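Student: I have a structure here, written as structure tokens, and I will follow up with some questions on it.
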Amino acid sequence: MTTITVQKPAVVRVPRAAPIAAALFAKLIAIWEQTLTSRREARVVASRAAEAEEVRRYAETVRKADPRFAADLFAAADRHEMGN
């Protein structure tokens, strides 16, 4: 004859403040991610503005020699700065 032993595990209780702490931690992480995202976006905008300014300075140097090319550069700088 075979005997099978079935054990009943002990009940593990959840600490009373665990759900509240988990919710607060989730909110903290969401705020942190939002802050990182906004900082990243600000860096991209600043980078685009700096690159566009560089192109505008170059356009100023070629403005007298080739005004149409300079106008194209100014337009490209504007589009780049807007993110298009």
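The values are calculated or read from the model by the stated rules, or taken from the named source; none is laboratory data. Only a predicted model underlies this, so the values are computations on that prediction, with no experimental measurement involved. Every residue, glycine as well, gets a Cβ built from its backbone with ideal geometry; the counts of neighbours run over all protein chains shown. Surface accessibility is based on the protein's heavy atoms, side chains included, excluding ligands, DNA and RNA. Shrake-Rupley method; radii C 1.70, N 1.55, O 1.52, S 1.80 Å.
Student: Quick check on region 2-21. Is at least one of its residues under 25 Å from the mean Cα position of the chain (by Cα) and either modelled with pLDDT of 95 or more or open to solvent by less than 60 Å² (accessible area, probe 1.4 Å) (or both)? Walk me through it before giving the result.
Tutor: Of region 2-21, the ones under 25 Å from the mean Cα position of the chain (by Cα) are none.
No, there is no match, as no residue in region 2-21 is under 25 Å from the mean Cα position of the chain (by Cα) and either modelled with pLDDT of 95 or more or open to solvent by less than 60 Å² (accessible area, probe 1.4 Å) (or both).
Student: If you don't mind, there's one more thing I want to ask. List pairs: first in region 55-84 and of a type in the set (S, T, N, Q), second at pLDDT 95 or above and open to solvent by less than 50 Å² (accessible area, probe 1.4 Å), Cβ under 9 Å, 6+ apart or cross-chain?
Tutor: Listed pairs, sorted by first residue: T61/A70.
Student: Turning to a different aspect of this structure: Scan region 54-65 for residues that are under 35 Å from the mean Cα position of the chain (by Cα) and open to solvent by less than 80 Å² (accessible area, probe 1.4 Å) and jot them down. Step through it out loud before you land on a result.
Tutor: First, the residues of region 54-65 that are under 35 Å from the mean Cα position of the chain (by Cα): 54-60.
Of everything in region 54-65, those that are under 35 Å from the mean Cα position of the chain (by Cα) and open to solvent by less than 80 Å² (accessible area, probe 1.4 Å) turn out to be V55, R56, A59.
Student: Among the residues of region 66-76, is there at least one that is loosely packed, with under 10 Cβ neighbours inside 10 Å and of a type outside the set (G, A, S)? Don't jump to the end; show me each part of the working.
Tutor: Kept after step one, since they are loosely packed, with under 10 Cβ neighbours inside 10 Å, are these residues of region 66-76: 68.
Keeping just the survivors that are of a type outside the set (G, A, S) gives 68.
Scanning region 66-76 turns up at least one residue that is loosely packed, with under 10 Cβ neighbours inside 10 Å and of a type outside the set (G, A, S).
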